[in-house]
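Working notes for the structure below.
Throughout, read-outs are computed from the coordinates displayed, never taken from laboratory work. Computed from a prediction, not measured in an experiment: that's the story for all the values here. Glycine gets a Cβ as well: all are built from the backbone with ideal geometry, and neighbour counts include every protein chain shown.
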Amino acid sequence: MRAHPREASRARALADCRPPLSAQVLFCSAGMQLLSCGSDGCLKLWTVRTNSCVATYDAHEDKVWALAASSEEGAIATGAADSLLTVWADDTLVESQAAVEERQAGLLKEQACSNAVHRKQV
């Protein structure tokens with residue numbers, strides 16, 4: 001899963017993901033990943049199998065105390081002590097669909113080149 005805020009924010013992926021004091025934890029991706037939020041003001045995505053943080057999203061200036069998700073809408077909401085409620089959109093499906101379309105376009109180009117070479121040889 002990848003998330004980004006529906007509004008402009010300072011969303012960023014951080015290389016060093018040190019676990020903060022977590023206020024909320026939410027399992028996602030059929031239990032393969034989890035989301036956490038807490039005292040550092042960030043929403044973090046973890047891989048359960050490796051126990052590693054794969055992304056950190058930062059849109060709050062203060063501690064994040066609330067975390068909720070809607071599977072129907074693919075949305076995640078965080079609420080923090082800075083009085084902000086941020087709604088995040090899960091763009092995993094959009095990104096995977098774009099990758100499939102890019103691969104299909106590449107295959108069509110390869111096929112067109114192969115057909116052109118074959119026609120010249122005949």
Non-local amide H neighbours of Cys28 (under 5 Å, H modeled in plane, Pro and chain starts lacking H): which ones?
-> Gln33, Leu34, Leu35
HN-Hα couplings for segment 33-44 via Karplus (6.51, -1.76, 1.60; θ = phi - 60°), in whole Hz with x for Gly/Pro, come out as 9, 9, 10, 9, 9, x, 5, 8, x, 10, 9, 10
Sites matching GluC sites (Glu not before Pro) across segment 31-122 that sit in DSSP coil, with at most 15 neighbouring C-beta atoms within 10 Å = Glu61, Glu72, Glu73
Based on the Cβ-Cβ distance of Glu95 and Ser39, what FRET efficiency does E = 1/(1 + (r/R0)^6) give at R0 = 35 Å, to the nearest 0.05?
-> 0.70
Which values of log₁₀ I(q)/I(0), to two decimal places, follow from the Debye formula for segment 64-122 at q = 0.15 Å⁻¹ with a uniform point scatterer at every Cα?
-> -0.63
Mind checking which lysines have their C-alpha under 26 Å from Lys63, skipping anything on the same chain fewer than 8 residues away?
-> Lys44
Whose amide H sits under 5 Å from the amide H of Ala66, counting only residues 5 or more places off or on another chain, with H placed in the peptide plane?
-> Gly79
